[in-house]
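J.: Provided herewith is a single structure, encoded as structure tokens, for subsequent inquiry.
The values are calculated or read from the model by the stated rules, or taken from the named source; none is laboratory data. In this text, all values refer to a predicted model and were calculated from it rather than measured experimentally. Please note: Cβ atoms are built from the backbone with ideal geometry, for glycine as well, and neighbour counts cover all protein chains shown. In case anyone asks, the SASA skips ligands and DNA or RNA and just uses the protein heavy atoms, side chains included. Shrake-Rupley method; radii C 1.70, N 1.55, O 1.52, S 1.80 Å.
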Amino acid sequence: MSIEEVAPPAHDVASAVVTGALPGENGLYSIGAAAQLLGISERSLRYYQELGLLQPCGRTPGGMRRYSDDDLARVRRIRDLKSVLGLELEEISAVLEKEDRIAQLRQRYHDERTSADERRQLLVEGLELQETLRATVEAKRQALERFVAGIDERIARIEGLLASG
């Protein structure tokens, strides 16, 4: 994971300084600060947790949720999957599970104690997961192409009516 994926954009940091949404103790954010930095509601964060899409990295002794930079990056990923790819939350859950598993495979692959045979098996599983992810995105792409084709047909009909009228 790159720093761009976990660090809030500069405008978020500047906004955080002005509004007080900076990390608190141990570099963790309260639910209010996290929501503010992400530009979403606290309810959305709670809902993502209810669905199992997000687990806050910690809690205060009083039970208040605490979010890390990695947690914020995960919420940004959820929003990207939702807005850019148009995935439903159930689909997002499946994608995140696969991405989490891929991260585990990568970590195990790079462990010096992992044998060559184990590395090969990890690669096979990783390939299967990547192919499944690609199929998910491809299905969305095809659905979008069908949608655009329908719009193009209606445009052509209207243009034909305008030209003949």
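J.: Could you run through segment 37-62 and say how many residues are crowded, with 16+ Cβ neighbours inside 10 Å and β-branched (Val, Ile, Thr)?
T.: 1
J.: Being open to solvent by 80 Å² or more (accessible area, probe 1.4 Å), in a helix (DSSP H, G or I), out of contact with any Leu (no Cβ under 6 Å at 6 or more places or on another chain) and in contact (Cβ under 8 Å) with a residue 24 or more places away in the chain: is that true of Arg141 here?
T.: Judged against the criteria, Arg141 is not a match.
J.: Restricting to segment 144-157, count the residues that are open to solvent by 100 Å² or more (accessible area, probe 1.4 Å) and more than 15 Å from Leu85 (Cβ to Cβ).
T.: Looking only at that region, the number is 4.
J.: Give me the pairs: first residue in segment 118-134 and basic (Lys, Arg), second residue modelled with pLDDT of 95 or more and open to solvent by 60 Å² or more (accessible area, probe 1.4 Å), beta-carbon distance under 6 Å, and six or more apart or on different chains, which are they?
T.: Here the result reads Arg119/Tyr109, each pair linking segment 118-134 to a residue that is modelled with pLDDT of 95 or more and open to solvent by 60 Å² or more (accessible area, probe 1.4 Å).
J.: A further question on this structure: Do we find that Ala103 is in a helix (DSSP H, G or I), small (Gly, Ala, Ser) and at pLDDT 95 or above in this structure?
T.: yes
J.: Residues of segment 63-88 being part of a loop (DSSP other than H, G, I, E, B), open to solvent by 70 Å² or more (accessible area, probe 1.4 Å) and farther than 13 Å from Tyr29 by Cα, which ones?
T.: Passing the criteria: Val84, Glu88.
J.: Hey, any hits in segment 108-122 for a residue that's polar (S, T, N, Q), open to solvent by less than 100 Å² (accessible area, probe 1.4 Å) and assigned to a helix (DSSP H, G or I)? Please lay out each step first, then the result.
T.: As a first pass, look at segment 108-122 and keep what is polar (S, T, N, Q): 114-115, 121.
If we keep only those that are open to solvent by less than 100 Å² (accessible area, probe 1.4 Å) as well, we get 114-115.
From what is left, the residues that are assigned to a helix (DSSP H, G or I) are none.
No, the conditions are met nowhere in segment 108-122.
J.: Search segment 154-165 for residues that are on the phi < 0 side of the Ramachandran plot and pair each with any residue that is open to solvent by 100 Å² or more (accessible area, probe 1.4 Å) when their beta-carbon atoms are under 9 Å apart and the residues are at least 6 apart or on different chains.
T.: Note: no pairs meet the criteria.
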